[in-house]
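Everything below concerns the one structure shown next.
Readers should treat all values here as calculations from the given coordinates under stated rules, not as data from a laboratory. Everything quoted here is computed from the prediction, not taken from an experiment. Cβ: placed from backbone, ideal geometry, glycine included. Neighbour counts: every protein chain shown.
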Amino acid sequence: MIRFDNLCKRYESGYEALRGVSFEMDAGEMAFLTGHSGAGKSTLLKLLMLIERPTSGNLLINGKNINRLPHSKIPFYRRQVGVVFQNHQLLFDRSVFENVALPLQVAGYSQGDIGRRVRAALDTVGLLDREKHNPITLSGGEQQRVGIARAVVHKPKILLADEPTGNLDPQLSAEIMALFKRFQDVGVTVLVASHDINLINRMDMRIMRLNQGQMEQDGVSYGGY
Amino acid sequence: MAATKSKTRDVGQRGARGQMLSRVDKWQSYRLHHQATLKNSTLKILREPLQSLLTILVIAIALTLPAALYLSVENIRQLSGGVDASAQISVFVKKGARESALKSLTAKLEGLSGVASVTYISAQDALDEFEALSGFGSALQYLDENPLPDSFLVQPLLIGDATRLVTEIRELKLVDDVQLDLEWLQRLDGLLDMGRKLVLALGAALGLGVILVVGNTIRLAIQSRRDEITVVKMVGGTDAYVRRPFLYSGLLFGIFGALIAAFFLTGLSFWLAGPVNNLALLYQSQFSISGLGFSGFLVLLLIGGGVGLIGAWLAVGQHLRNIQPR
């Protein structure tokens, strides 16, 4: 589903964020991406969201090389990907329902479809009773769950998360991770960037560790610091 | 492994179903989005009445000024058009011309280019008219002979041709004198020409102003909705989708501005109607001021909407590209 083939990313400032990273993820696989801050986790996710383009190497999604995907096609690519941000990026000028509905509106779903799918997504994250609230009135953990509902409401094939538990206590973090696991169970490819070592180790999943832009370790057991 | 594979297929199908919107659905949702955007843009303008009103008023004033000048020029032109009808060249014929010579002169006058009509007034007719109008009837009895010459009234097609016609007619045989009292009309014509050019120049300058004002308003709107734009782009909103609400806002600003400008102009013509009618009465004229009219109103809306749209388009083109997810 995802294949990085000797990918390099050098920013205009000359900073080399990724230096020859290669890995592969099957469809329906879940993995953690870890490493110190500045190791290249965010850059790797940005490449997958087509926010940044690689300097060299190939990035294949579902067998298709997306290096040269034209600008006009990017929105349609992003509709196959769900993204959860650390700061969740919810819009506080509208209700929870409208926040979650955004990816569907953008893709042109009908009003009825949107209602059904948004409620299903909110039900999955356990926030069905909050659909009319403004997200600003919710707790940090609930806000993050709204962010997850928005990331999965259009049933993406790939779910990316950048430090999704960064601001949450261990209990809530574990709940969020369990939620990601449930999406993997229904066949979504899930890649979570996190430096919450304890949590990751407890999940018993594939762990990829970046160090100074290179893949230092890729396997199920984690070597630790 | 097999389990993973079947899962993969399952995901693929589900994903595909998610993408599988029929053309009809797509068109319908496209239309719905246009409707919703139009509604939301209108609501947004109404929800921020002060900021919106300022922009709309600036547009209205910028449209009113050239439109008012245009209407003035058009009204004066109509007025001078009324004078055109009486802008005739009087051609006095030498005394003692024979009837056949008069006939051939008539034909020659009619043959000149730019002549609308030629009317023959015999010396006797002229005398009768003078008697009737001047009140010197009894005094005329004492004259031995008719002092008035035969004459022609030549009506030029265009005021601009009058001077040329006068010279040409003067060359003709049997013509004694030619009179044209039209210099002031020609000057007025020149002024109107200038007025029309001024309308264009003023319109262009103020139109540019409107484009800048709308552009600036839209730029502020884009900046205040930066977060929303980022998220929409992140979840797969196309550039057109992101652009649409701002273009509608610009269009609506322009149209609202044009509506208020039409209101101003109507008020202006009502306000001026009284004095103008009085003045016209003094000059024994049937002239009355003519306002914008329906087609003028439509043109005003078109210009307002168009200028608003252009302003929005420029702002959007410049600023939306800079907002990308990070």
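Observations on the structure shown:
- Exposed chymotrypsin sites (Phe, Trp or Tyr not before Pro) absent - longest run of chain B, DSSP non-H/G/I/E/B, at most 14 other C-beta within 10 Å: B:143-282
- Under-5 Å amide H pairs with residue A:33, H placed in peptide plane, nonlocal only: A:192, A:193, A:194, A:208
- Considering every alpha-carbon pair of the protein assembly as shown, the percent of pairs per 20 Å bin, from zero through the bin containing the longest distance, is 17, 32, 19, 14, 12, 6, 1.
- Between helix B:123-134 and chain B there is an angle of about 70 degrees, using the helix long axis and the longest principal axis of the Cα atoms.
- Estimated translational D of the range B:212-326 in µm²/s (Stokes, Kirkwood radius over Cα pairs; 4 °C; 1.567 mPa s): 78
- Listed residue (B:272, B:221, B:296) projecting farthest to the positive dipole end of the range B:146-297, Cβ model: B:221
- Candidates A:24, A:12, A:142: whichever shows maximal mean-square fluctuation once chain A is modelled as a Gaussian network with Cα springs under 10 Å: A:12
- Axis of helix A:96-107 versus longest Cα principal axis of chain A: the two differ by about 60°, to the nearest ten degrees.
- Debye log10 I(q)/I(0) for the range A:1-152, one point scatterer per Cα, at q = 0.15, 0.16, 0.17, 0.19 Å⁻¹: -0.90, -0.98, -1.05, -1.17
- Simple Cβ-charge dipole of the range B:207-258, Lys/Arg +1 and Asp/Glu -1, about Cα centre, in debye nearest 20: 40
- With Cα atoms as the point set, the range B:201-258 shows a radius of gyration and Dmax of 13.8, 46 Å.
- Dividing the Cα radius of gyration of the range B:134-276 by its Kirkwood radius returns 1.39 for Rg/Rh.
- On the principal axes of its alpha-carbon atoms, chain B has extents of 131, 42, 30 Å, going from largest to smallest.
- Couplings 3J(HN,Hα) for the range B:303-313, derived from phi with the Karplus relation 6.51 cos²θ - 1.76 cosθ + 1.60 (θ = phi - 60°), are 5, x, x, x, 5, x, 5, 4, x, 5, 4 Hz, where x marks Gly and Pro.
- When chain B is treated as a GNM with alpha-carbon contacts under 10 Å, the residue of B:129, B:228, B:145 showing the greatest mean-square fluctuation is B:145.
- Top of A:35, A:166, A:63 by mean-square fluctuation, Gaussian network on chain A, Cα under 10 Å: A:63
- Convex hull of alpha carbon positions in the range B:149-204: directionally averaged projected area 4.6 nm².
- Per principal axis, descending, Cα span of the range A:90-155 in whole Å: 30, 23, 17
- Efficiency of FRET from Cβ geometry, residue A:217 and residue B:298, R₀ 60 Å, rounded to 0.05: 0.25
- Taking amide H atoms as placed 1.01 Å from N in the peptide plane, the amide H of residue A:22 lies under 5 Å from those of A:6, A:7, A:215, each 5 or more residues away in sequence or on another chain.
- Rotationally averaged projected area of the range A:1-89 (alpha carbon convex hull; nm²): 6.3
- Tail fraction, Cα-Cα pairs, the range A:116-182, threshold 19 Å, whole percent: 27
- Helical contribution to [θ] at 222 nm, DSSP H n ≥ 4, -39,500 (n - 2.57), averaged over chain B, rounded to 500: -25500 deg cm²/dmol
- Per residue, the Cα convex hull of the range B:88-181 amounts to 95 Å³.
- Counting only the Cα atoms, the range B:23-63 fills a convex hull of 64 Å³ per residue.
- The modelled label-to-label distance between residue A:134 and residue B:157, using points 7 Å beyond Cα along the C-beta direction, is 7.2 nm.
- Considering only B:147, A:168, B:22, and ranking their Cα positions along the charge dipole of the protein assembly as shown that arises from unit charges at the beta-carbon of Lys, Arg, Asp and Glu, the one farthest toward the positive end is A:168.
- Positive contributions from Lys and Arg (+1) and negative ones from Asp and Glu (-1), summed over other residues with Cβ under 11 Å from the Cβ of residue A:172, come out at -2.
- For the range B:165-232, the Kirkwood estimate of the hydrodynamic radius, built from every pair of different alpha carbons, is 17.5 Å.
- Sites residue B:286 and residue B:224 - FRET efficiency at Förster radius 51 Å, r taken between beta-carbons, to 0.05: 0.35
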